[in-house]
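Structure first, then comments.
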Amino acid sequence: DGGSSDEQSGSRAMGDAEEAGAAQLAAALEGHDDRVWHVSWSPCGALLASCGADKVIRIWRRDATADAWACVATLEDVQSRTIRSCEFSPCGSYLAAASFDSTTVIWQRGRREEGASAEEWECVGTLEGHENEVKSVSWSHDGSLLATCSRDKSIWIWEAPPATTPSAVLPPEELELECVSVLSGHAQDVKFVKWHPHELLLFSASYDDSVRV
């Protein structure tokens, strides 16, 4: 009986999943006032950034001793529409945020006092040039390049100071990102961009049903 065989296979699969340990809800992070669009881990895994339609970025830190999460910074009042994507730089000192207001903002992490729970972040740059909503942002593996993509069908490549270690924080006046290339190969909205983890290869996904490299 084919149906009986399928049921037995399904039961075995469920049993295997239970034995392996199914995923369980560990925490629910609440604080955003509207839909949350994106989350991003810092390179060391100590911080989590979330952004959404409320035009706010929240930085979360887990207190391992209390097994609880706390919002340690709220980044707001800079971008005027939905923040669609946010990504930490490889060094963890910067956070790039792409918004539907056609801008990408760069936030810089301040030095946290020992024992302090709050995080200090400062807006140190606004990248302009896209003609429509910016959908995604991605740092290259060495932090020297930043890619942004948009509803305007283009991808912009920005050159940034090389990222080294979290302690190598550049003063705001030294952080300058210059557009070094504009890629316009897609026929429709470019939804997502992602650099290769070890090479200077950029992948882009579009509503034109294609992925380009």
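The values are calculated or read from the model by the stated rules, or taken from the named source; none is laboratory data. Note that this is a predicted model, so its numbers are computed, not measured. Every residue, glycine as well, gets a Cβ built from its backbone with ideal geometry; the counts of neighbours run over all protein chains shown. Heavy atoms of the whole protein, side chains included, go into the accessibility calculation; ligands, DNA and RNA do not. Shrake-Rupley method; radii C 1.70, N 1.55, O 1.52, S 1.80 Å.
Listed values, structure above:
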read-out	value
Burial ranking of peptide ranges 28-41, 94-107, 184-197 (average Cβ count within 10 Å, highest at the top)	94-107, 184-197, 28-41
Segment 80-93 - phi-based ³J(HN,Hα) in whole Hz, Karplus 6.51/-1.76/1.60, Gly and Pro as x	9, 9, 2, 9, 8, 8, 9, 9, 6, 6, x, 7, x, 8
Inter-label distance for Val213 and His196, nm, one decimal - labels placed 7 Å from Cα along Cα-to-Cβ	0.7 nm
Computed FRET value (nearest 0.05) for Ala22 with Asp63, which takes r as the C-beta separation and R₀ as 25 Å	0.50
Interchain or long-range residues, amide H under 5 Å from Phe203's placed H	Lys194, Trp195, His196
Accessible solvent surface per residue of segment 32-108, calculated while the other protein chains remain in place, 1.4 angstrom probe, Å²	41 Å²
Per-pair calculated FRET efficiency, R0 = 35 Å: Ala187 and Ala53 via Cβ, rounded to 0.05	0.80
Quarter of Cα convex hull surface for segment 24-112, i.e. mean projection, nm²	6.2 nm²
Accessible area, probe 1.4 Å, largest first, for residues Thr65, Thr148, Thr82	Thr65, Thr82, Thr148
